[in-house]
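Enquirer: Mind having a look at this structure? Questions to follow.
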Amino acid sequence: MKTPFRTILPTLVVLVLLATVPWLSPTNRILSLAITAGINIVALYGLSVLFGQTGILSMGHAALMGAGAYAATILARDLGVGFWLAIPLSALVAAAIATIVGFPSLRVGGHHFVILTFAFGQLLTIILTNGGDFTGRATGLDLQAPLTLFGMDLSPLPRFYLLVLGFVALSAVASWAIVHSRYGRTLRAIRENEKLAASLGIDVGRHKIGAFVVSGLFAGVSGVLLTYFLRHISPTQFSSFPSIYLALMVMIGGARLLLGPLAGGILVAFLPEMFNLDPVESRILYGVCLIAVILLLPNGLIAGLLDGWKRLFGRRPASSPAAASRSSVSGG
């Protein structure tokens, strides 16, 4: 049986390897794709808590990222709040919105929850588009605030990449801690048998909303990173369709293993670059990948690879004492 530490070790090794990327002199395009993937992965770790541990899939996760992004941009514009203070404040704003959306949505559950969160993404886009000067209307908002740490400018791509990778590592550790906590075990009990969990005295509704709020915290942090990377945000970036891509990433990588969000975010970001695909061809490839994963690897790519490895190189079952005795008698 694996100890909790052994489950996080492979992810930490991958993150250490990824930290060497700036020293390999990658192009700006590769670094930009890697940063975008990392920003998505932060949100994916929150989605993996919701989907992987509770079994609830949200199609409004990009909207929660948008809440964090707009909160950080407005705080910087109107109050002069910098990046480091905007991170917790914007995460709390996204979590508060997740609470408001979660109360009515999680009462229905199942595919109804998926539909309601999809509608929430569309509704947020409409609100932001018609928000006047406060939200910048359809054109969105620009961010002028500097990004520094101890006087060091973190805007250059290699430095911003390492900053994002640091938040990916923190998100992975936070997700791991939740999964291996008593709270994580409670969420899994709800996922496996909701009625049985309720009969044991677990407040199913409260824990579902809690998981959605936790995922909102991750999404809010991801939104802040996105707005400081792009320096411009607009409503269409946070509609329901970007949420579909996030769901695609977490399903391809796998939501129940710590490496799953990392693998899903990297694959979806770099597959079009590897095959030199245009946007239409990319969507076709994503659809094919999703169908293949659902049919062949329902627990995600990483879980499928691990299962294949165990089948090929797993230990053979030890012979029974009776079989060993027969073998020695026969001279085998």
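The values are calculated or read from the model by the stated rules, or taken from the named source; none is laboratory data. Since this is a predicted model, take the numbers as computed values, not measurements. Cβ coordinates were reconstructed from backbone atoms using ideal geometry, including for glycine residues, and neighbour counts include every protein chain displayed.
Enquirer: Please go through segment 84-138 and give me each residue that is out of contact with any Gly (no Cβ under 7 Å at 6 or more places or on another chain), part of a helix (DSSP H, G or I) and among the small types (G, A, S), ordered by number.
Expert: Answer for segment 84-138, where residues must be out of contact with any Gly (no Cβ under 7 Å at 6 or more places or on another chain), part of a helix (DSSP H, G or I) and among the small types (G, A, S): A86, A96, G102, S105, G110, A119, G132, A138.
Enquirer: How many residues, within segment 155-169, are exposed (fewer than 14 other Cβ atoms within 10 Å of the Cβ) and among the aliphatic types (A, V, I, L, M)?
Expert: 0
Enquirer: Looking only at segment 33-75, filter to residues that are in contact with a Leu (Cβ under 7 Å, 6 or more places away or on another chain) and among the polar types (S, T, N, Q); which one of those is surrounded by the fewest Cβ atoms within 10 Å (Cβ to Cβ)?
Expert: Residue satisfying both the conditions and the ranking: Q53.
Enquirer: Follow-up. Among the residues of segment 160-197, how many are farther than 15 Å from V214 by Cβ and at pLDDT 95 or above?
Expert: 10
Enquirer: Another question, then. Is it true that G136 is at pLDDT 90 or above and either surrounded by 20 or more Cβ atoms within 10 Å (Cβ to Cβ) or among the charged types (D, E, K, R) (or both)?
Expert: Taking the combined requirement at face value, the residue satisfies it.
Enquirer: Among the residues of segment 97-108 satisfying the criterion of being touching a residue at least 24 places away in the same chain (Cβ under 8 Å) and surrounded by fewer than 16 Cβ atoms within 10 Å (Cβ to Cβ), which is farthest from L64 (Cα to Cα)?
Expert: It comes out as R107.
Enquirer: If you check G82 against the conditions, is it crowded, with 19+ Cβ neighbours inside 10 Å, in contact (Cβ under 8 Å) with a residue 60 or more places away in the chain and either under 16 Å from G264 (Cα atoms) or of a type outside the set (D, E) (or both)?
Expert: no
Enquirer: Quick one: would you say I266 is within 17 Å of the chain's Cα centre (by Cα) and closer than 20 Å to T125 by Cα?
Expert: It is false that I266 is within 17 Å of the chain's Cα centre (by Cα) and closer than 20 Å to T125 by Cα.
Enquirer: Now, a different point. Identify, from the list T27, T73, the residue that is modelled with pLDDT under 95 and either farther than 19 Å from V173 by Cα or touching a Lys or Arg at 6+ places or on another chain (Cβ under 8 Å) (or both).
Expert: When all the criteria are applied, what remains is T27.
Enquirer: Let me ask another. What single numbered condition from (1) crowded, with 16+ Cβ neighbours inside 10 Å; (2) more than 28 Å from S48 (Cβ to Cβ) fails to hold for M152?
Expert: (1)
Enquirer: Are there any helices (runs of 4 or more DSSP H) wholly within segment 149-245 with 2 or more residues that are of a type in the set (V, I, T) and within 19 Å of the chain's Cα centre (by Cα), and if so which?
Expert: Because the criterion is at least 2 residues that are of a type in the set (V, I, T) and within 19 Å of the chain's Cα centre (by Cα), the helices (runs of 4 or more DSSP H) in segment 149-245 that meet it are 157-179, 204-230.
Enquirer: Shifting gears a bit: Please give the number of the condition L57 fails out of (1) under 14 Å from V213 (Cβ atoms); (2) touching a residue at least 60 places away in the same chain (Cβ under 8 Å).
Expert: (1)
Enquirer: Residues L262, L305, L312: which one is hydrophobic (A, V, I, L, M, F, W, C), assigned to a helix (DSSP H, G or I) and at pLDDT 90 or above?
Expert: L262
Enquirer: Of all the residues that make up segment 139-157, how many are out of contact with any Leu (no Cβ under 7 Å at 6 or more places or on another chain) and either within 24 Å of S234 (Cβ to Cβ) or at pLDDT 95 or above (or both)?
Expert: 8
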